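Asker: Sharing a structure, written as structure tokens. Questions coming.
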Amino acid sequence: MPAPDLLGLFIGPFNRLGLEYMVTGAVAAIVYGEPRLTHDIDVVVALRADDAPRLAAAFPAPEFYVPPPEVIQLEVGRAARGHFNLIHIATALKADVYPVGQDPLHRWGFPRRRKEVVAGAPLWIAPPEYVIVRKLQYLREGESDKHVRDIRAMVRLSAGVIDRDALAEQVALYSLEKEWAACQ
């Protein structure tokens, strides 16, 4: 039996439900940069509170842990920083799910997401500028070298697809010049 994969476990159900989403975090950094190990997938999703029962049904127990619909509804209702996890019990692989909400960076990146086809299935991925800016924010919060490595690889390997003007605008908007300089 083949090992479960993050895309098959988590993105397949999002596609079947017809939910709009974008993959970000390490998986997006891998697409735009270099391979590295990750045990989770970060997904920004356009959810409504009434999507909670459908989402729970798409990730059935006991195969998955899904928060109760009330928790999902609470997180969807947050203006910013809404978040919940989906966990595949047998492998402990995890999806960190972030409702779009009113988060300005989510709202900026979402209409700029890109459609890829991976193993014959659609995959909506965050634009590289969004991924870099979010990683710069995480770098500021936690100073993890993995974010610096991811950003440097993305800039080196995806230079032709990065909109430098849009990136510079977002870096300035979030006062991330110091973190951006550290990644050069």
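Just so you know, all these numbers are worked out from the coordinates, no wet-lab data involved. Model, not experiment: these values are computed from the prediction.
Asker: Hey, could you pull the Cα Rg and Dmax for the stretch 79-184, both in Å?
Answerer: For the stretch 79-184, the Cα radius of gyration and maximum Cα-Cα distance read 14.9, 44 Å.
Asker: Across the Cα atoms of the stretch 130-184, what radius of gyration and what greatest pairwise Cα-Cα distance (Dmax) are found, in Å?
Answerer: For the stretch 130-184, the Cα-based Rg and Dmax read 10.2, 29 Å.
Asker: Also: Before anything else, pin down the relative contact order of the chain: Cα pairs under 8 Å, at least 6 apart, normalised by residue count, whole percent.
Answerer: 23 percent.
Asker: Moving on to the next point. If amide hydrogens are placed 1.01 Å from N in the peptide plane, which non-local residues have theirs closer than 5 Å to the one on LEU47?
Answerer: Close amide H contacts, sequence-distant or interchain: VAL100, GLY101.
Asker: Moving to a separate point now. Which whole-percent values make up P(r) of the stretch 6-182 when all C-alpha to C-alpha distances are grouped in 10 Å steps starting at zero?
Answerer: Percent of Cα pairs in each bin: 10, 38, 36, 15, 1.
Asker: Follow-up question, since we're still on this one. Express in whole angstrom the spacing between the alpha-carbon centres of the stretch 49-113 and the stretch 26-44.
Answerer: Between the Cα centre of the stretch 49-113 and that of the stretch 26-44, the gap is 18 Å.
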